[in-house]
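The block underneath contains the structure these notes are about, expressed in structure tokens.
Read-outs: derived from the displayed coordinates by stated rules, not from any lab. Computed from a predicted model, the values in this text were never measured in an experiment. We place every Cβ from the backbone using ideal geometry, glycine too, and count neighbours over all the protein chains shown.
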Amino acid sequence: MTIIGVFDSGVGGLSVLQHIRRSLPDARLIYLADSAHVPYGDKSAHYIEQRAITLTRFLIEQGADAIVIACNTATAAAATSLRQHFSCPVIGMEPAVKPAVLATKSGVVGVLATIGTLESARFAALLERYAGDVDIVTQGCPGLVEQVEAGDLHGIRTRDLIERYTAPLLSRGADTLILGCTHYPFLASLIRDIVGTGVTIVDTGEAVARQLQRRLLDEVGLKSDLQLDICRSGFSPATNDELFYTSGDETQASDIMSTLWGSVVNALQLP
Ligand code: DGL
């Protein structure tokens, strides 16, 4: 049995977990929402690093063969340190600059992300590597993560925030928008409604699931269930072998996770 440990500051990483479930239908997935400390976007890199070490240690104690940091902000702050502390594969994620640069026709790409991600050295290095001649316009989005955590995916306040954050990018000529935070895919239909069909929206969830598959094959070895997963990828129904933990309130977390995950979730309290 392959066990994958996945964590985020809150429920946003469920957008990544959906892709992982599709690509590894038979794996056991353990999801950990650090709800007591959400949002990460305005916290210091040191604080997030300490949280990430604690959460990863817990997931490995539960038997995780690999860890997915389903959070751009935590990847920027803690991926290097987690790889130093733990020997299993640690898969991080970052805004999809490379595919967006390939997709843009106007030569302007907008990035919606947390302040923590946008101000990180990792993001600067990503731009240095992939932006080329493309104009990358960034926009921090304070408050948007909280709207998703509250389950407000379509309300007036959420719409106002998205309008406010996308307007400067569109007026600069962006025809491609990067969702650089794992909470934002849950707002994709509202974002689409606001920016219109002419704008390409990209996120990283599917690429992370593919990268996880590759790393499992290379480093964990060919467990029989994993081979099966990969053969059937995309064709098999989910096994529902998922465990959900929260560092916050279990009832509240169960409610919002059930909505976003699409079936009943009984979140357990992180010990
Ligand atoms: N979902 C996270 C990300 O991808 C973190 C959001 C937050 O807690 O600020 O960046």
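Does R122 meet the test of being more than 10 Å from the ligand (Cβ to nearest atom), charged (D, E, K, R), in contact (Cβ under 8 Å) with a residue 12 or more places away in the chain and out of contact with any Gly (no Cβ under 6 Å at 6 or more places or on another chain)? Walk me through it before giving the result.
Details: more than 10 Å from the ligand (Cβ to nearest atom): yes; charged (D, E, K, R): yes; in contact (Cβ under 8 Å) with a residue 12 or more places away in the chain: yes; out of contact with any Gly (no Cβ under 6 Å at 6 or more places or on another chain): yes.
Yes; evaluated as a whole, the condition is true for this residue.
Looking at the range 22-50, which of the residues that are of a type in the set (D, E, K, R) and out of contact with any strand residue (DSSP E or B) (no Cβ under 9 Å at 6 or more places or on another chain) is farthest from the ligand (Cβ to nearest atom)?
Among those residues, the one meeting the criterion is D26.
Can we say V90 is over 27 Å from D160 (Cα atoms), surrounded by fewer than 23 Cβ atoms within 10 Å (Cβ to Cβ) and in contact with a strand residue (DSSP E or B) (Cβ under 7 Å, 6 or more places away or on another chain)? Quick ask: steps written out before the conclusion?
Values: over 27 Å from D160 (Cα atoms): yes; surrounded by fewer than 23 Cβ atoms within 10 Å (Cβ to Cβ): no; in contact with a strand residue (DSSP E or B) (Cβ under 7 Å, 6 or more places away or on another chain): yes.
No.
Kindly establish whether A167 is part of a loop (DSSP other than H, G, I, E, B) and more than 16 Å from the ligand (Cβ to nearest atom). It would help to see each step written out before you state the result.
Numbers: part of a loop (DSSP other than H, G, I, E, B): no; more than 16 Å from the ligand (Cβ to nearest atom): yes.
When the stated conditions are applied, A167 does not pass them.
Specify the residue that is surrounded by the fewest Cβ atoms within 10 Å (Cβ to Cβ); the eligible residues are those in the range 98-126 that are of a type outside the set (G, A, S) and within 16 Å of R172 (Cβ to Cβ).
First, the residues of the range 98-126 that are of a type outside the set (G, A, S): 98-99, 101-102, 104-105, 108-109, 111-112, 114-115, 117-119, 122-123, 126.
Keeping just the survivors that are within 16 Å of R172 (Cβ to Cβ) gives 101, 104-105, 108-109, 111-112, 118.
Working: V101: 19, T104: 20, K105: 9, V108: 17, V109: 29, V111: 27, L112: 26, L118: 21.
Filtering first and then ranking leaves K105.
Report every pair of residues separated by at least 6 positions or lying on different chains whose Cβ atoms are under 7 Å apart, first residue within the range 127-153 and surrounded by 15 or more Cβ atoms within 10 Å (Cβ to Cβ), second part of a loop (DSSP other than H, G, I, E, B) and charged (D, E, K, R).
Every condition considered, the pairs that remain are V137/R172.
Return the total of residues in the range 84-137 being closer than 18 Å to H46 by Cα and hydroxyl-bearing (S, T, Y).
Result for the range 84-137: 3.
Scanning the range 67-87 for residues that are crowded, with 23+ Cβ neighbours inside 10 Å and not β-branched (V, I, T), which turns out farthest from the ligand (Cβ to nearest atom)?
A78
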